[in-house]
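The values are calculated or read from the model by the stated rules, or taken from the named source; none is laboratory data. Note that the structure is a prediction, hence the values are computed from the model and not measured. Please note: Cβ atoms are built from the backbone with ideal geometry, for glycine as well, and neighbour counts cover all protein chains shown.
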Amino acid sequence: MKQFSKYLRNAVVFLLSLSLGLIFTAPSEAGKFKKEYKMTLNVGPQFYWGMGAQKFADLVKEKTNGQINIKPYWGSSLLKGAQLKSPQMVASGVIDCAYESTINSSPVMPEMNIFSLPFFINNFENLDKMEYGETGKAIFKVMDKKGLVGLAWAENGFRQVTNSKRAIHIPADLKGLRLRVVGSPIFIDTFRQLGADPVNMNWGDAVTAFQQGVVDGQENPVGVLIPVQIWQYHKYSTFWNYLVDPVIVYWNKKQFNAFPENIQKAIREAAVESARFEKALCRAGLDGEKSLNILKNEFNYTMKVPEPVKYMESKGMTVTFLSDAERNAFIDATKSLYNKWIPKVGKDLYEKAKADMGK
């Protein structure tokens, strides 16, 4: 009986201590978090976008003292290549987080097409004003309603066109060119409007088509052009900044909100820092010394290709930059698309973007 009383007394003391938070049990604390958090992204680790995603995973581990471990799944491998499904998969909790392009989110959230309106944004300054202004806030609200938490803005960059036939200066130069493009409808509409023959295909098939002369060209940012060594297939590149490809770091809303406040803070800080690093990679050599200095002074990182345009030229490419008059010709040629796409994007969001840019 005495033994039972002693046992009962000890049990009561233990329960009281536990309720008052006086006892810390490491196993149950560790059990709050999964061993691995899955992150999806569309590219591999050799691309700037992939390097940013790896940086995010490394920083999260560091800032949470190893409590949150993110594993990047490259090349949309979790989605079996169907990268357009990444927002749904993260929102449903099948995948925990993503480092993904707004292009890949546009089928679910048409507001993302604000960045794909042809010849609308044109430069890094305008893009930053939108992302960190009312446009960016509105986009994150849309994501919130879909069950996603937007954490930071990274990017894939302004998309440039390359081809094997001729330099492109005016819309007529695109006439009849068969170009591999992203499968998003607004991309198809834009190139058809300019007289080209756009075709959607995966990169492996596109390379074969380039080699066989079945497809004449393609469009992608510098951060893709250099790793894929586009000069192997195309001699001509036009830097026209016709639209931009932002990347958003985002997390499943329910899961993120269940994290303790200190973990949320650490993840947000890691997202912002990795995005700043990744943006600087994409912009290095394209915005003077600004991004090169960010990489050097803030991240102790030196670019392997600090002057991408000169590097492409050194590989035998002819790189063309549009004059103001030439750009205006493309703007005029694609204006009619706005009547179709602004209602899809949302008139209110379009006006917010114009106000952010001071247009």
Scanning the range 240-286 for residues that are touching a Ser or Thr at 6+ places or on another chain (Cβ under 7 Å) and either of a type in the set (Lys, Arg) or in a loop (DSSP other than H, G, I, E, B) (or both) gives LEU243, ARG283, ALA284
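Residue-wise test of (1) within 15 Å of the chain's Cα centre (by Cα); (2) at pLDDT below 95; (3) in a helix (DSSP H, G or I); (4) in the same structural domain as LYS145 (by TED's automatic domain parsing).
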position: GLN88; (1), (2), (3), (4): no, yes, yes, yes
position: ILE95; (1), (2), (3), (4): no, no, no, yes
position: MET112; (1), (2), (3), (4): yes, no, yes, yes
position: PRO118; (1), (2), (3), (4): no, no, no, yes
Selected residue [surrounded by fewer than 10 Cβ atoms within 10 Å (Cβ to Cβ), modelled with pLDDT under 95 and over 20 Å from LEU151 (Cβ atoms)] from GLY75, GLY21, GLY44: GLY21
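Residues are listed down the side, and each one gets a yes or a no for (1) more than 20 Å from the chain's Cα centre (by Cα); (2) of a type outside the set (Lys, Arg); (3) on the phi < 0 side of the Ramachandran plot; (4) crowded, with 20+ Cβ neighbours inside 10 Å:
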site	(1), (2), (3), (4)
LEU194	yes, yes, yes, yes
ASP197	yes, yes, yes, no
ASN252	no, yes, yes, yes
PHE256	no, yes, yes, no
ASN262	yes, yes, yes, no
VAL272	no, yes, yes, no
ALA275	no, yes, yes, yes
ALA284	no, yes, yes, yes
Among the residues of the range 208-223, write down those that are without any contact (Cβ under 8 Å) to a residue 60 or more places away in the chain and not small (Gly, Ala, Ser). THR208, PHE210, GLN211, GLN212, VAL214, VAL215, ASP216, GLN218
When the range 134-153 is examined, which residues are found to be touching a residue at least 12 places away in the same chain (Cβ under 8 Å), of a type outside the set (D, E, K, R) and within 21 Å of LYS347 (Cβ to Cβ)? THR135, GLY136, ALA138, ILE139, VAL142, MET143
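Listed here are the residues, each with its yes/no results for (1) among the hydrophobic types (A, V, I, L, M, F, W, C); (2) outside the structural domain of GLY52 (by TED's automatic domain parsing); (3) surrounded by fewer than 21 Cβ atoms within 10 Å (Cβ to Cβ).
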| residue | (1), (2), (3) |
| --- | --- |
| LEU148 | yes, no, no |
| LEU151 | yes, no, no |
| ARG166 | no, yes, yes |
| PHE191 | yes, yes, no |
| GLN212 | no, yes, yes |
| VAL215 | yes, yes, no |
Taking the range 300-352 only, how many residues are aliphatic (A, V, I, L, M), in a strand (DSSP E or B) and surrounded by fewer than 16 Cβ atoms within 10 Å (Cβ to Cβ)? 0
Do we have LYS265 as out of contact with any Lys or Arg (no Cβ under 7 Å at 6 or more places or on another chain) and not assigned by TED's automatic domain parsing to the domain that holds ALA91 here? no
Does the range 190-212 hold any residues that are under 21 Å from SER336 (Cα atoms), touching a strand residue (DSSP E or B) at 6+ places or on another chain (Cβ under 9 Å) and either among the polar types (S, T, N, Q) or assigned to a helix (DSSP H, G or I) (or both), and which are they? THR190, PHE191, ARG192
